[in-house]
Amino acid sequence: MTTPQQQPTGYDAWSPTPPPAQPLYGPPGHLPAARWNTTSIVALITAFFLPLVAVVLGWVSVRQIARTGEQGKPLAITALVIGGLGCLGWILFWTAIIAGGGSFSYSVGG
């Protein structure tokens, strides 16, 4: 028996049934959205302007995403690929300049 000061809680530590689950916020089946990794977004943007920076930021964001479980891994991988291709393009460009003796001659007019 319980007295007015002792209200039944519905759960006894010795009872085989667990307490009822607490209701979640929002409609049924709704889970809060995962956060996006900001570094992966910045890496993708910089991939078009500063490819070496994009490679570094892409690598950092992949490591952060693996640790935190945030969204954005496809963005980080895309930044790594685009940044890597940009770095390769710069290497080929400067190799062509140096191998050509640094002079490109062309004539204008006749």
Extension length gain for residue 53 and residue 90 (0.36 nm per residue less Cα distance), in nm, is 12.0 nm
Amide H contacts under 5 Å for residue 36, restricted to residues at least 5 apart in sequence or on another chain and with H modeled in the peptide plane, are 71
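Rule-based calculations on the coordinates, nothing more; no lab input. What you see is a predicted model, and the numbers here were worked out from it, not measured in a lab.
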